[in-house]
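For reference, the structure is listed below as structure tokens.
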Amino acid sequence: MELPLGQCHDSRSWDDDSDPESETDPDAQAEAYVARVLSPPKSGLTFPRPSQLSTPAVSPSASEPRAASKVSAVSEPGLLSLPPELLLEICSYLDARLVLHVLSRVCHALRDLVYDRVTWRLRALHRVRAPYPVVEEKNFDWPAACIALEEHLSRWAEDGRRAEYFCLANGHLAAIDSVLLLQGGSLCLSGSRDRTVNLWDLRQLGTEPSQVLVKTLGTKRNSTHEGWVWSLAAQDHRVCSGSWDSTVKLWDLAADGQQFGEIKTSSAVLCLSYLSDVLVTGTYDKKVAIYDPRASPALLKCQQLHSRPVLALMADDQHIISGSEDRTLVVVDRRANRVLQRLQLDSYLLCMSYQEPQLWAGDNHGLLHVFVNRNGCLQLVRSFDVGHSFPITGIQYSVGALYTTSTDKSIRVHVPTDPPRTICTRKYDSTLNRVCAEGNLVVAGSGDVSLEVWRLPA
């Protein structure tokens, strides 16, 4: 997939809005959208797949500098008289957290060895046996990355044999299209085509199903919205749900899930980002809008940034990044109130996961793309084929783990190396929509009305 760098200084303001589209039946609109956007590629059509690395991975011991010898000389034989290489080999059998937080306090010599960045770089590369990370920043935290990698590899060792699987099929009557973990994985929200948002207590996994399902949000019986629930987002204990009924509803989990607000949008809400000061929506009528839920009226800015529906977005204090069915990726500067960049892609992005400065995104061809954000200008650095044959519907990226779901009815667990290494694959009887991982819990929504949950070793 070849991308131009795009214009990084588009001075157009985005305050102006376009006329709202005529009213349509939300259910018919949603069904047409799913048939068009989430359907598998047509038979007979082939799309270019990114090639694997042309240069084989080099052994870390050959490509990395050796850790500098900072161990003080001792007059008598003992542990500290060993060469640094042997000390590192001994440390490699110990838990990374123990090495970092305990061993470093034993003596100055071990502290100096443990605090050497090269020590952790060598350890991480020895674990993954592949180029890592895909994008290395100047102040990359190697100790934290190494801890996260080792935890991920341990939890999914032996093809995930130690992971507990739960299928929660008693809460919804239709496909689940959005999931969200809260409070470190203790609670989970799920949004469904049956128009409901359910709150689950995952601390009760393994008990009676009625103990796991806490409640359905909203005062109407068996209904949270009047249309399919397509998106969820959270800010602390406040959460919001976006629907094909062209509303965003706000809920306070600290007040037993009571509704504290509702925002009427111009069209179906396909994606959300909830920040401390604003709520950002991407809608079916090609617009990106910013709201302040505390104000009246709530709408702050709205602009039609795309020529087709907005499928995915993310926002932080500085930028809003939106992807559309028109195969563009647009970057907006929140403070300057202008479009910084517009990238034309070969496919459209269905899901995003952002960890500054990296944006990982899955597309409708089943490919994974990694962008790096340089002061508001996105640059494509890598594209990967991670084994999905149909569109990627969900992605969760962190420095130590990578999860993807697809309409090919599978969830894949990867190590975020270059290219990603798949360590576990689970196949199911229905499409998997969205994925979320937090703490030792992983959840995904299913097309056959169930919430899929994996509880990993703590």
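No value in this document is a laboratory result; all are computed from the given coordinates. None of these values were measured; they are calculated from a predicted model. So basically every Cβ, Gly included, is an ideal-geometry build from the backbone, and we count neighbours across all protein chains shown.
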**Q.** Cα→Cβ-extended label distance, 7 Å offset, between E31 and E85, nm
**A.** 6.9
Q: For the stretch 328-458, would you read off the P(r) tail past 20 Å as a percentage of all alpha carbon pairs?
A: 45
Q: Run down the aspartates and glutamates and flag those whose C-alpha is under 13 Å from the C-alpha of K286, throwing out any fewer than 8 positions away in its chain.
A: D17, D19, E21, E325, D326
(Q) Contact order normalised by length for the stretch 187-241, with contacts defined as Cα pairs under 8 Å and 6 or more residues apart; what percent is it? (A) 36
Q.
Sort 248-258, 83-93, 226-236 by packing, meaning the average of other beta carbons within 10 Å per residue, with the highest value first.
A. 226-236, 248-258, 83-93
Q: Please give the contour-minus-distance gain from R97 to H237: 0.36 nm per residue of separation, less the Cα-Cα distance, rounded to one decimal in nm.
A: 47.4 nm
**Q.** Simple label model, 7 Å out from Cα along Cβ direction - A255 to N222, nm
**A.** 2.8
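For the stretch 155-225, compute Rg over Rh where Rg is the Cα radius of gyration and Rh is the Kirkwood radius from the inverse mean 1/r over Cα pairs. If you can, show how the numbers build up before the last one.
Values: Rg = 13.5 Å, Rh = 13.2 Å.
Here Rg/Rh amounts to 1.02.
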**Q.** 24 Å Cα-Cα threshold exceeded, pairs from K220/K301; K264/K287; K249/K287; K220/K264
**A.** K220/K301
**Q.** Relative packing of 319-328, 205-214, 188-197, which averages over residues the other C-beta atoms within 10 Å, highest first
**A.** 188-197, 319-328, 205-214
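So for the chain, averaging the separation of alpha carbon pairs under 8 Å that are six or more residues apart and normalising by length, what relative contact order in percent results? Before the final figure, lay out each step's value.
Values: 1095 pairs, mean separation 76.8, N = 458.
Here the relative contact order equals 17 percent.
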Q: Return one number: the angle in degrees, 0 to 90 and rounded to the nearest 10, between the long axis of the Cα atoms of helix 26-37 and the longest principal axis of the Cα atoms of the chain.
A: 40
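Just from its helices, what would the mean residue ellipticity at 222 nm be for the chain, if runs of 4 or more DSSP H residues each count -39500 (n - 2.57) and the sum is divided by every residue, rounded to the nearest 500 deg cm²/dmol? Provide the component values of the computation, followed by the final result.
Details: 9 runs with 71 residues, N = 458.
Counting only the DSSP helices, I get -4000 deg cm²/dmol.
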Q. Counting pairs of alpha carbon atoms under 8 Å apart in space and at least six apart in sequence, what relative contact order in percent does the stretch 317-414 give?
A. 18
Q.
Compute the angle between helix 117-128 and the longest alpha-carbon principal axis of the chain, please, reported from 0 to 90 degrees and rounded to the nearest 10.
A. 70
Q | Net charge dipole size for the chain [Lys, Arg +1 and Asp, Glu -1 on Cβ; Debye, nearest 20] | A | 780
Q: Using only Cα atoms, tell me the angle between helix 142-155 and the longest principal axis of the chain; keep it within 0 to 90° and round to the nearest 10.
A: 80
